[in-house]
Every structure is written in C-alpha cells, then in structure tokens.
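Computed from the coordinates by the stated procedures, all read-outs in this text should not be read as laboratory data. Note that the coordinates shown come from a computational prediction; the quantities given were computed from them, not determined experimentally. Every residue, glycine among them, receives a Cβ derived from its backbone with ideal geometry; neighbour counts consider all protein chains shown.
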2 protein chains.
Amino acid sequence: MGEDGKAPGRREVMRLGLAATGAVALGTQPAAADPRNLPPNVPPWSKGLGVGVGSAPYGRPSPHEDHVVRRTVSWLTATPHSSVSFTPLQALHGTVTPNGLVFERHHAGYPLIVPEDHRLMIHGLVERPLILTMAELARFPSVSRLHFIECTSNTGMEWRGAQMNAVQFTHGMLSCCEWTGVRLATLLAECGVRPQAKWLLLEGADAAGMTRSLPIGKALDDTIIAWAMNGERLRPENGYPVRAVVPGWEANLWVKWLRRIELGDQPWHSREETSKYTDLMPDGKARQFTFVMEAKSVITDPCPENPLSEHGFRMIGGIAWSGNGKIARVDVSVDGGRNWRPAELEQPILDRCLTRFRMPWRWTGEEAVLMSRAVDETGYVQPSIAELRRVRGLNSVYHNNAIQAWHVSPAGKVDNVQLG
Amino acid sequence: MGEDGKAPGRREVMRLGLAATGAVALGTQPAAADPRNLPPNVPPWSKGLGVGVGSAPYGRPSPHEDHVVRRTVSWLTATPHSSVSFTPLQALHGTVTPNGLVFERHHAGYPLIVPEDHRLMIHGLVERPLILTMAELARFPSVSRLHFIECTSNTGMEWRGAQMNAVQFTHGMLSCCEWTGVRLATLLAECGVRPQAKWLLLEGADAAGMTRSLPIGKALDDTIIAWAMNGERLRPENGYPVRAVVPGWEANLWVKWLRRIELGDQPWHSREETSKYTDLMPDGKARQFTFVMEAKSVITDPCPENPLSEHGFRMIGGIAWSGNGKIARVDVSVDGGRNWRPAELEQPILDRCLTRFRMPWRWTGEEAVLMSRAVDETGYVQPSIAELRRVRGLNSVYHNNAIQAWHVSPAGKVDNVQLG
C-alpha cells in the first residue's frame, strides 16, 4: 500500500527494488548468469515422482519449516513440569494458530488421560449433580467459536524493563483457535442452579489439581466446556479430553483436563487466585480477580526475529486483540510514538479474536522505533508502559498489555526497547 | 434444542436418559458399584507429574485419537502417486480443518521443494514479466481468508448409485482453512496486464506439471497466491511453498507448487480441462470449464461411521457450503425428504466457508432416512440426485452436489442410500 493506505502502485514497488530485481529476460536463462542464483531450469522435484498419497495419514510441516516451533526459556522456571512454552508469533500468518504451535503452560506437566476413564462432575449448589462421561458430554448441543487465549503472565517479564529480545518470548503466550464444545450455561441448566450459587470452582485432573473460581455471570454468559480446537479433539497439552474456554479472560481460568465444577456462594481463594495470578499494587496490596485481558497489540514483522535485510518498501504487520470485544482500530508509529497513523485491519474482525493489522512503510536506513497501539470497540486504548506503571508500580507480573517498542538500527537490526 | 429449535429443556434431556444416568450420588462411590464403570476416584494421571513443557516443540494429537486420520481407498487408483486421501469429516468439529487432516489429491505424488530454490514466474501478455523468489513474494501485502476447498470429483463415486458407505469417502475431498497470501490482482498490477489478456495458465512444479486455465476476471477478483494455511506455511502435500487459492471454484484450479503463470488471450485446453475435469453430458458432449462448486451439504452425525447407539435425544449435525457465497439456510429431513425443517446455523456464516448446522432429533428406534439440503444466498437449492441425473445423465464423475441420504435401521446402523 501507498502512504495513503492504498495498495502500492507499481511505481512505488519498482522504486524500492522489488520489480527491478524480479524482472528478468524469460527463456533459457542459465542459473550461473543470474546474480540471484536461480535454480537450474528444471529442479529435481519436477523430474520424477513425488511422495505418494497416504504416506502420512496425519501430516506434518515441511522439514524446511522446522525452525517454527514452540520454544522454552531454560532459566525461567525451576522445572519443565511447571513451565511455559511460547508460540512462534514471528513466523505465523493469519489469525488461526495451528494446534501444534499453541503455547503451553502447565503446573505439574500435562497428564495423558484415557478419555473413556475421564469424568466431569458438576456439584455443589445445584439441584441435580451430574457426573458425565465424554460420550455423554458430546451429546449436548455444541457451539464453535474463534477466540484468542492469552496467559495472564504474557509479557510479564517486561514489567521492570525490556528483557526478552524476541517477540516469541515477549508475547508468545498467546494463541487463537476455533473452540468447540457445549455452553456451560447448557450444562448448568441441566443441573439446575440454586439461587445462592454465585461462584464456580473449576478443577483440573492434572497432579497440580489446578483450581480457579469463576463468577456465575461469566459461566452463564459465554463460557464453553470444550473438547475440540481447530476442528479436532484437544491436544493433550491443551486439556485433552476437556477444558474450559472463558472468552477474553485470563488463560489461567481456562482450566484444562477439567474434572470438576463446584457451585458455591463465594470464591474459593485457591492458590492460583491468592499467591499467584494477582496484581501486587504499589501500596503492597494484591489486586485479586482481574479477569479480563485488555486490549493489546504487537508488531510481528519486523521484530527481533524478523530484522530488516534491505532498504525499501516493507509492510509493517502485526496482531491485535481485546478481551472486551472487537478491535476497532490499531495505530502504528515508526518514530517512537510521536506520530501515529491508523493501520489497515484484516477482515473479518471477530469478537475476542486475533485481528491482523498492516501498514506500508518505506525504510531507507534511518533509525526508527516501531510501536502499535490497539483500540477496542469499548473505546479502551492500549496504554504505554509508563502509563501502566503510574497506576500499578513495578511489582506486577501479570496483565501487562503495554505498547511494545521495537528499535530499528541503521543496519536493520531490531531490538526490544522501552521508552520513557 | 427442543423441536421448536430452542435449546433442549432439562425435562427433554432427562426424559431421554442422559441426566438419569449422569446423576449419581456424590462422595465415595466405589468404581465396582457403578454400572458405568467409573474409574477409581483418583486416576493415575492425577497422582504424579505429567509430561514436561517443551517435550514436543511441534505438538501431536493424543494417541487416543489415532483413528482420526486421512484415509485412502486402495482400489480407487492404479498408483498412490496419482491418487487421493480423504478428510475424516465424521470426526471433525467446527469449521477449520487441521492441516494434518486436509485431503490430498496429487497427480504425480507431492514434490519436496526447497523453498530457497523455488521461483514463481509470471509472463505472457504482460508489460513486465516477473520471476519472484519466495522472500520477494512475502514482501507484498497479504490477505487471510477462510475458505473451503473441494475437489471437483468429491462425491463423484456416487453418480451411478450409493457406493461408499462412509462420509469420509463420499464427501471427504473437502476441507476448510484460513489461507494467507497475496492477491493475484496485486501481482498482476505489478506485471501490467496487456488488454488482450483474457486467460491465465497456472502451472505446478510437480512432475505432472499440472496446468489449468483460469479466466482473468476470477484472477483479478479474489484469487490468492498463498503461502500459508491455518497460520503456518503450506504443508508439502498441500502446495508448499506456494499455491493458488481460487475461492468457491473446483480445487483442481487451486494449482499447488505453483511455478508459472502465463497470460494469454484464450484457454490452453490442457489435459486437466479436456480429458479430465469436464462433465460428460447425456448427448455425449463434454461440458468444459464448470468452475463453481455449487451449494452442498452433508450430515456428519449420524453417518455410517457414527451410528446411533441408544434411543433418545440426539443432535443431527453437519456441514454446508457454497462456491457462490454464504449459506442462507439448511433444511433437514428425517423421513427421506417428505418433510423438511430448517436447521440452526452456527455463526459466523462466512463467504465460501463451511457452515455448521444442527437440528435436535429424538430417535426411538424407528427406521429413518436423514437428508440435508443447503440453500445459498443466491437462492440456489441443493438438488436431489434424481434432479441432477435428469440434466446430466449417468456419465458424470465431477460436480456431484446431490443431497445425501443416510438410512437408519432400527438397530441404529447408518447406511448410504439413494432414493428415487
């Protein structure tokens, strides 16, 4: 696109060197004569039979893409059983995260559950407690929804300063899938909720027995008890055979390997909502039950993993999301926030789903600081890190939705920086 | 849902035996005492550490789901290099097909292309021919679109009678992905299309050198030159590193491993649009260039692979799609087409994308014939096989979008049948 937001004219792209290198004389161009090292006219894969159909009943990516994987940070946690792996946002396209790359966060490793032996119990302040097999669960009417999932502590390492020099590690506890399951409201109608019931406890079947308290309003509104992601059954590390999907709210509430839902009249104050997943404020008090993952965005191209290799035309691209609804606007700055221009948003813009944005840029070797700022349909504007710190101080780990800044050096290197 | 299309009341589900078996006394229910063979109160996976984070940088499905795979039909083709594998529609959820399960159709096996050595050439009736590397291609502005892809010969084996007793084989040359790439219109603007150019030849880099002719109108309208599916780079068997995406049109046009686009003033009449992928009419003439995959639907639950195991409440569920736009309505019949009721459609309904439908049903052991009939936003109604044969006779293989009928026996067995 041109700087007016329209698609780039030929002249612009030409000027930037793309068409100039691309246009070659056709015909018998020998490989050796081309400065871009064209392959021989007939590459080996065009000369003989390829791999037969059915050789991989369940397919895998090309071996040439084996750098596109979830990654861990060795020093981050004491054990791999209570740890995290990050989604390679820098290498993804569109809005769907393929299941093999959805980030992981476990508290005691992930269990390998035999689905026939798994049960989901619903009890407490209900008229008719239930214990359901997975087959029984699947008989309920199902819904499918595309939603992002973001760990409460995504970008948490950045509270006190720029630390991780890779978007995979600053923002990769974020994925987006189509989730299929039954609305929790449907299950609760089946159980008959007693009037005193105000909170639900969700409990996982992993050895950590992960437990979180969920307000009944959210349970009845849009929470899904899901058995599938992106068309197929949940992956073991993402909750197989059944998990909670709590749209727009912190992923810690999306309890995996769900075995029990108890209804009560107050929250349980479990470990994961007292000593963890609370926000320690400047006055030393911990803010509890901060559920919503507020509007946020990040530029994934360029980013530290995707530096600038040549001058000229380049799309700046990234993703935006909000736990409060649809993305309404994303502004992009290339000068550290002095000037902002609205980016183009990819359609369809779905509720609490990743939205792609892009803005054309011509880079001629100057230093630059790239930033993106999301605005959601409620009018909420993604804050700067300075604005966040003014309210929340320096003690926080969770709920960091600050604007991310990438510094571009004259050599095209891209680094994580914090301004102001 | 009740028969009025609303969610099923508790009374209805209770009546059908679900809540009755589900409601058990809570507490220390020993496994042996429960007729449904409940697992021990604390299953092994809740007792010790699970699998650590990062053990699978690229994840895989649970081993308990290893029956959910693409399948081939051994007698269908002479060689696995020119053959097909089918998507397991009977086991999928929502609308996204996970990349590992997207159907395959190759004409000479699939090539294992080294992306750095691959080029896309655009030439012929253009002002400025181009040869692009994959890196150059990726610098163009990209779009992402969710679209179904259906092989021209999907359901083709059913022309002369009910043959394949499995929805995976009757309808499984169908998948749905989010495709990311550059609009072909953008590339053509870069090349400068000469006024005489009316058709494009798309050519693959496989050993079959697959070629198809595409009208310029479609090329400029919504055709995408795609490098990613469902968030990641194309899979090798689905066109890595680059393929055509021709929304709503037969998949044979979605040329994989795309290496060459030539612009000309008429179609090329290649093998794949003369001896193959044409519709042999009753008068012996072959209808050529029937591009659009018209409105179609199929019930995937129940289906031959998903029989009825017990009487009572059951959602009838399936998928609908149309190459002409959005699905407007799906009607379902349980009595072989005598009576029809509108099904509920899952939101969002996207353009040329799979749409889920569902209708509540109570089955009490009677014989039944289940059918679904899609109507798209143009008003086109999915035809019966009899209506289709009246126009096209019995010689066809391609473009069979007839209503599918599943016969349900009193024992709950589900079989592929054709009525009338």
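For region B:61-78, backbone phi angles converted through the Karplus equation (6.51, -1.76, 1.60; θ = phi - 60°) give residue-by-residue couplings of x, 4, x, 6, 10, 6, 8, 8, 9, 5, 10, 10, 10, 4, 7, 6, 9, 6 Hz, Gly and Pro being listed as x.
Exposure proxy shown here: for B:193, A:255, A:414, the number of other Cβ atoms within 10 Å sets the order, fewest to most, as B:193, A:414, A:255. Backbone N atoms of region B:196-233 closer than 14 Å to the 7 Å Cα→Cβ label point of residue B:292 belong to residues B:218. Charge dipole of chain B (Cα centre as origin; +1 on each Lys and Arg Cβ, -1 on each Asp and Glu Cβ, all else neutral): 60 debye, rounded to the nearest 20. Of all beta bridges that DSSP places with both ends in the protein assembly as shown, some 95 percent have antiparallel geometry.
Note on residue B:77/residue B:390: beta-carbon distance plugged into 1/(1 + (r/R0)^6) with R0 of 35 Å gives a FRET efficiency of 0.70.
In this label model, residue A:411 and residue B:196 are separated by 5.2 nm, measuring between points 7 Å along each Cα→Cβ vector. Here the relative contact order of chain B, from alpha carbon pairs under 8 Å that lie six or more residues apart, stands at 16 percent.
Once backbone amide H atoms are built at 1.01 Å from N, residue A:71 has A:86 as its partners under 5 Å, excluding neighbours fewer than 5 places away on the same chain. Among the chymotrypsin sites (Phe, Trp or Tyr not before Pro) in region A:34-110, those located in a DSSP loop and surrounded by at most 10 other Cβ atoms within 10 Å of their own Cβ are A:75. Dividing the helix sum by the residues of chain B, where each DSSP H run of 4 or more adds -39500 (n - 2.57), gives a mean residue ellipticity at 222 nm of -2500 deg cm²/dmol.
Between exposed GluC sites (Glu not before Pro) in chain A, where DSSP calls loop and at most 13 other Cβ atoms lie within 10 Å, what's the longest gap?
On the way: sites that count: A:3, A:127, A:366, A:367.
With a cap of 13 other Cβ atoms within 10 Å, the longest stretch comes to A:128-365.
Between residue A:163 and residue B:377, the simple label model (points 7 Å from Cα in the Cβ direction) yields a spacing of 4.7 nm.
Amide H to amide H, with H built 1.01 Å from N, residue A:198 comes under 5 Å of A:264, A:265, A:266, counting only residues 5 or more places away or on other chains.
Checking every one of the trypsin sites (Lys or Arg not before Pro) in region A:39-119 against DSSP loop status and a limit of 16 other Cβ atoms within 10 Å picks out A:47. For region A:312-363, trypsin sites (Lys or Arg not before Pro) meeting the loop criterion (DSSP other than H, G, I, E, B) and having at most 12 other Cβ atoms within 10 Å: A:338. Among the listed pairs A:326/B:296; A:285/B:47; A:326/A:413; A:218/A:256, those with a Cα-Cα distance over 24 Å are A:326/B:296; A:285/B:47; A:326/A:413.
Of all DSSP beta bridges in region B:89-283, what percent run antiparallel (nearest 5)?
The answer is about 90 percent antiparallel.
For a test of the definition: using alpha carbon positions, the gyration tensor, and the 1.5 limit on a/c, classify region B:296-417 as rounded, prolate or oblate. Because a/c hits 1.5 or more and a/b fails to exceed b/c, region B:296-417 counts as oblate. Charges were assigned to the Cβ only: +1 to each Lys and Arg, -1 to each Asp and Glu. The resulting dipole of region B:296-417 about its Cα centre is roughly 300 debye.
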